[in-house]
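All of the numbers you see were taken from the coordinates with simple rules; none came from a lab. Quantities reported herein were computed from a predicted structural model and do not represent experimental measurements. Positions of Cβ are generated from backbone atoms using ideal geometry, with glycine treated the same way; all protein chains shown enter the neighbour counts.
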Amino acid sequence: MADTLEFNEIYQEVKGSMNDGRLRLSRQGVIFKNSKTGKVDNIQASELAEGVWRRVALGHGLKLLTKNGHVYKYDGFRESEFDKLSDFFKAHYCLELAEKDLCVKGWNWGTVRFGGQLLSFDIGEQPVFEIPLSNVSQCTTGKNEVTLEFHQNDDAEVSLMEVRFYVPPTQEDGVDPVEAFAQNVLSKADVIQATGDAICIFRELQCLTPRGRYDIRIYPTFLHLHGKTFDYKIPYTTVLRLFLLPHKDQRQMFFVISLDPPIKQGQTRYHFLILLFSKDEDISLTLNMNEEEVEKRFEGRLTKNMSGSLYEMVSRVMKALVNRKITVPGNFQGHSGAQCITCSYKASSGLLYPLERGFIYVHKPPVHIRFDEISFVNFARGTTTTRSFDFEIETKQGTQYTFSSIEREEYGKLFDFVNAKKLNIKNRGLKEGMKQSYDEYADSDEDQHDAYLERMKEEGKIREENANDSSDGSGEETDESFNPGEEDDDVAEEFDSNASASSSSGDGDSDRDDKRPAKKAKIVKDRKPRKKQPESKKGKDPNAPKRPMSAYMLWLNASREKIKSDHPGISITDLSKKAGELWKAMSKEKKEEWDRKAEDARRDYEKAMKEYSKADSHRGERAKKKKKKQEKQVKGKGDKKGATSKSSSSKSPAKGMSDSFKSKEFVSSDESSSAESKKEDSEDEGAASPAPSSEDSASGSD
């Protein structure tokens, strides 16, 4: 028989909530590790008193009772695992794993039994339900009635708030059964009552979470935070871990208390209690106990009179009462020599501390990530500048934490730390020097396309082209600019001495509006395009043969439906990744089969392209002949038009001398043809009429 049994996805019932984790049974005892908090419950084999196997909502469950009265419940087992567990209990723990089913009659009257820290409501010999008394927050009595109130569970959608028991009035030996019932509950219940004096009090401590100044009263079983607005009572059983962290300025200290379940104020939950101390603050502390009680209770860890730094006294007292180790930073040292890294998480700046078994970020919001729950880490480029980088952590549950704006000088130290802890690194950047500006955090996967790098290279080319443009066009401005004081202005103003020189000599009889000085034509140099414009692509011929597919694409088209059926609901990107993995793992013989199909497709394509090229050449020859014919027709029309315009231009000056000058480009073809026809008519009339006599000319001159 194996010495150990391990079960994954086992659920432990704690204060009404089901916490998933891993259960391990060995010769030494039973160990359960909570996946969410990392808390470990260790039950020694010598402490086990009873084991019960029964059917529950999540399959089958295991209930373990210890000799000191503690009860542990684990659910999520399969029915087939009973024999294996039963044999293991007999061989290593010398216990019979008893099978007990719950009563499902639905009766609401029965017998209450108190066993250790468990209240069991039984009908006959079968239990109906059980209540761990540690879940009880308050117990009140009435006439023949007892009311139990429970701690509220934040993780559960529905929480049981209270249960009332009716106790029949019977007198046995003068003992009231209602009071006896209540005393049995209160003796084991987790009821926080500030009875008696506090062991010690720390006044006006600065608290970052929850924010404010609080007096901390230390009681034997709980911690009392007393502020001006709110009070919090924190049982020591809810404390998971203690951290003592030095600030980066080396003048302050953080003392962090991790809580599960968290303290709450309204809808706000505080999973961490963070206190900030100055190293220069000292205190003399006297415990409210005599020396014998101190020695008996704390076994030398505390003394009645103590003095020292305030943060040392608080951490020392908390360590003794909670009975947990204090976690401090390990051997990590950043670029500046500090044991932390300045970074930003979400919208706030804070400090990230690499510890021996995890990371912790303070202070807003506080985050603690254990190494055993990390899936991988990633070093990414800074989103705003290349002087910083981002550190990303993804857990096995899929939660991602991004710590941004970390100085690039911290990269080498942090990379060495992560590498030494053997954490999975998604990418491996250039550790030495980080000289390359773009690919200093390049992904280790060489096949992955880096769009960011390509974009930066393209922008660099554009900047170089612009610089070349400015050097080539030096002294020539592309846009009109205002340059006061220059002698050679482009525009001659009206009051300039040479204003008339810019006007046309033939405009003397024109309107005043036409007397405005003419502007020189502005010479604008054509700008070079930023990017080389691609040549206009010819339209793709739909009749052209399609290119052949590769062996991988042929296999993918044939296997796509099978992959979808094997993985229902898979996305397109995940399907591509899965197909790549299957193709990579495929044997060489199977790949050769698809290579042959791809080769056959290539031959068919080449054959089809030859036939298509022949047909295309015939079409091209016909198109060339047609184009030449059109060019000849256009040329013939142009020759006729040129001859007509030449004859008209030779005749026009005789008549045009008396008319106002018109530029050639402003005369339309219709006007020119009409003017020519009028001119021909006038010439015919002049030739037909006789020449005037000298007498007529003399009378005309008078």
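For a label point 7 angstrom out from the Cα of S559 toward its Cβ, which stretches of region 577-612 have the backbone nitrogen within less than 15 Å? From region 577-612, the list is 577-598.
When the alpha carbon gyration tensor of region 4-99 is reduced to an equivalent ellipsoid, its three semi-axes come out at 18, 16, 13 angstrom, largest first. Amide hydrogen proximity for G330: with H placed 1.01 Å from N in the peptide plane, the residues at 5 or more positions away or on another chain lying under 5 Å are E356.
Between V104 and V52, the FRET efficiency from the beta-carbon distance, with R0 = 22 Å, is close to 0.85.
Using a cut-off of 9 Å between beta-carbons, work out the net charge of the residues near E130 (Lys and Arg +1, Asp and Glu -1, E130 not included).
Numbers: positive: K63, K73; negative: none.
Value of the local net charge: +2.
Rounded to two decimals, what is the ratio between the C-alpha radius of gyration of region 160-270 and 2.2 N^0.38 Å? Compared with the compact-globule rule of thumb, region 160-270 sits at 1.50. Note on S26/K67: beta-carbon distance plugged into 1/(1 + (r/R0)^6) with R0 of 25 Å gives a FRET efficiency of 0.85. The distance separating the Cα centre of region 302-325 from that of region 71-99 comes to 42 Å.
What are the GluC sites (Glu not before Pro) within region 59-154 that DSSP puts in a loop, where the Cβ has at most 10 other Cβ atoms within 10 Å?
For GluC sites (Glu not before Pro) across region 59-154 that sit outside H, G, I, E and B with at most 10 neighbouring Cβ atoms in 10 Å, the list reads E125.
Each peptide in 67-77, 397-407 gets a packing score, the mean of other Cβ atoms within 10 Å over its residues, and the list from highest to lowest is 67-77, 397-407. With 31 Å as the limit on Cα-Cα distance, the pairs of K422/K591; K39/K296; K233/K364; K67/K319; K421/K591; K346/K578 that go past it are K422/K591; K421/K591; K346/K578. Put a dot 7 Å past the Cα of N331, heading toward its Cβ, do the same for Y552, and the two dots end up 4.3 nm apart.
Would you calculate the convex hull of the Cα atoms in region 200-327 and tell me its volume per residue in Å³?
Numbers: hull volume 13.1 nm³, N = 128.
Enclosed volume per residue, from the Cα hull, is 103 Å³.
Find out how many positive minus negative residues lie around F332, taking Lys and Arg as positive, Asp and Glu as negative, among other residues whose Cβ is under 14 Å from that of F332. Mind showing how you got there, number by number?
Details: positive: K248, R357, K413, K421; negative: E356, E410, D416.
With Lys, Arg at +1 and Asp, Glu at -1, the net is +1.
Taking the centroid of alpha carbons for each part, region 106-133 and region 536-608 are 66 Å apart. Put a dot 7 Å past the Cα of S159, heading toward its Cβ, do the same for E407, and the two dots end up 4.5 nm apart.
Just to check, using Stokes-Einstein with a Kirkwood Rh over alpha carbon pairs, what's the diffusion coefficient of region 341-421 at 37 °C and 0.692 mPa s in µm²/s?
Working: Rh = 12.8 Å.
Approximately 257 µm²/s, per Stokes-Einstein.
With each label modelled as a point 7 angstrom along the Cα→C-beta vector, the R113-S278 pair spans 6.2 nm. Take the convex hull of the alpha carbons in region 111-187; its mean projected area over all directions comes to 5.9 nm². Using a Förster distance of 45 Å, how high is the FRET efficiency between T4 and K296, based on the Cβ-Cβ distance and rounded to 0.05? Between T4 and K296 the formula returns 0.70.
What net charge do the residues around L575 carry, taking every other residue with its C-beta under 14 Å from that of L575, with Lys and Arg at +1 and Asp and Glu at -1?
Numbers: positive: R560, K562, K564, K577, K578; negative: E561, D566, D574, E581.
Summing Lys and Arg as +1 and Asp and Glu as -1 gives +1.
Taking 0.36 nm per residue of separation and subtracting the Cα-Cα distance, full extension of the segment from Q265 to S307 would add 11.7 nm.
Give, in nm to one decimal, the length gained when the segment between T386 and K628 is fully stretched (0.36 nm per residue of separation minus the Cα-Cα distance). Please list the in-between numbers first.
Numbers: separation 242, 0.36 × 242 = 87.12 nm, distance 6.09 nm.
Separation in residues times 0.36 nm, less the Cα-Cα distance, equals 81.0 nm.
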